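The values are calculated or read from the model by the stated rules, or taken from the named source; none is laboratory data. Remember, predicted model here, so these are calculated numbers, not experimental data. Every residue, glycine among them, receives a Cβ derived from its backbone with ideal geometry; neighbour counts consider all protein chains shown.
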Amino acid sequence: MLADYFDGSMDPRLREELDSHIAMCEPCMNFSKTYRITCDKTKELRKDIEYQIPQDVRDRLETFVRSAALKYPQMVREYRDQAERERREKLAAFLSAASAGKLSSITVLLVETHCAICPECKEYFDRRIQAGDSGATPGIVESHVTRLMEALPPGEEFFLA
């Protein structure tokens, strides 16, 4: 969320609340200054560093992955099936936590910010939370919720313990 705050893409209501908090909270004010300086320094460093994988390494890696996939097609299918099952289970747990009002505060902010710009998700979450409707989840909502879960910081859980 801090990246959205500093680049100006954060929901205006949320930005106002955060501005008010930072103005009154010295630790957050110091943290935000440090964060901004760190981002600026990182941008400077990125200009100096070549982030590209050398083409020969890229070619060798692609050849290895393709040959392994050809050699073990059943394992590739099993891996894809397992990954899809895990994604669906996590999605169901997320939607269940949302219905029960058990999302973490950072996840609630992510969902609210997203729903402010996505009418499909807003309609779905409003219906699910207010009416307790747990019907089929539209594909676009599934894909957006999956991206929201991926946007959480490492180690951050989307639900309350």
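A compact table of results
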read-out: Per-region count, region 57-90, residues at pLDDT below 90 and either touching an Asp or Glu at 6+ places or on another chain (Cβ under 7 Å) or small (Gly, Ala, Ser) (or both); value: 2
read-out: Residue match in region 35-43 (condition: charged (D, E, K, R) and modelled with pLDDT under 80); value: yes
read-out: Subset of region 80-103 [surrounded by fewer than 11 Cβ atoms within 10 Å (Cβ to Cβ) and closer than 15 Å to residue 125 by Cβ]; value: 101
read-out: Criterion (part of a loop (DSSP other than H, G, I, E, B), surrounded by 10 or more Cβ atoms within 10 Å (Cβ to Cβ) and of a type outside the set (Asp, Glu)) met by exactly one of 9, 67, 32; value: 9
read-out: Residue within region 148-156 that is within 22 Å of residue 4 (Cα to Cα), in contact with a helix residue (DSSP H, G or I) (Cβ under 9 Å, 6 or more places away or on another chain), at pLDDT 90 or above and not in a loop (DSSP other than H, G, I, E, B) present; value: no
read-out: Some residue of region 70-79 being surrounded by 15 or more Cβ atoms within 10 Å (Cβ to Cβ) and in a helix (DSSP H, G or I); value: no
read-out: First in region 26-47 and in the same structural domain as residue 7 (by TED's automatic domain parsing) and over 17 Å from residue 3 (Cβ atoms), second anywhere and at pLDDT 80 or above and surrounded by 10 or more Cβ atoms within 10 Å (Cβ to Cβ), Cβ under 7 Å, 6 or more apart; value: 29/22
read-out: Qualifying residues in region 35-64 (those that are part of a helix (DSSP H, G or I) and among the hydrophobic types (A, V, I, L, M, F, W, C)) - the one nearest to the chain's Cα centre (by Cα); value: 39
